[in-house]
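Structure first, then comments.
The values are calculated or read from the model by the stated rules, or taken from the named source; none is laboratory data. These numbers were taken from a predicted model, which means no experiment stands behind them. For neighbour counting, all protein chains shown are included, and Cβ atoms are generated from backbone atoms with ideal geometry for every residue, glycine included. Note: areas computed on protein heavy atoms with side chains; ligands, DNA, RNA excluded. Shrake-Rupley method; radii C 1.70, N 1.55, O 1.52, S 1.80 Å.
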Amino acid sequence: MSGRQDQLEIKFRLHDGSDIGPKRFPAATSVATVKESILSQWPKEKENGPRTVNDVKLINAGKILENNRTLGECKSPICDVAGVTTMHVVVRPPSEKATEKKASNQPKESKCRCVIL
């Protein structure tokens, strides 16, 4: 029975309300490893999917989980009662640097004008 307690059953809720999982993970699994699992199971038909682990934010019980922590460290007391834990998945939008690069290819228009009277 202790082996079962060391396992967490988690499903991941995406922004459109669809789910990935549920799937079982040992409590010693790092958040980064869980994110890698999400990346591998991400539905191919969804637009704007994450490219790297850093593009994904996992939220459990209102807290953003850090990559270097384990699931056991992040577990809320509700996990012991509910059975299957639902974690919310948020994909970070493309970085501003990528957007700036696209914008830098376009000619800049001067927004400042001076009038001498």
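Structure notes:
- Applying a threshold of 7 Å to beta carbon distances and a minimum spacing of six or more residues, or different chains, the list of pairs starting in the stretch 49-68 at a residue that is among the β-branched types (V, I, T) and ending at one that is in a strand (DSSP E or B) and surrounded by 12 or more Cβ atoms within 10 Å (Cβ to Cβ) reads V56/V89; V56/V91; I59/M87; I59/H88; I59/V90; I64/K57.
- Failed condition for V115, given (1) at pLDDT 90 or above; (2) in a loop (DSSP other than H, G, I, E, B): (1)
- Here R69 clears all of (1) of a type in the set (K, R); (2) in contact with a strand residue (DSSP E or B) (Cβ under 8 Å, 6 or more places away or on another chain); (3) over 20 Å from D6 (Cβ atoms) except the condition numbered (3).
- Among the residues of the stretch 23-45, those identified as modelled with pLDDT of 90 or more, open to solvent by 70 Å² or more (accessible area, probe 1.4 Å) and outside any helix (DSSP H, G or I) are K23, R24, A28.
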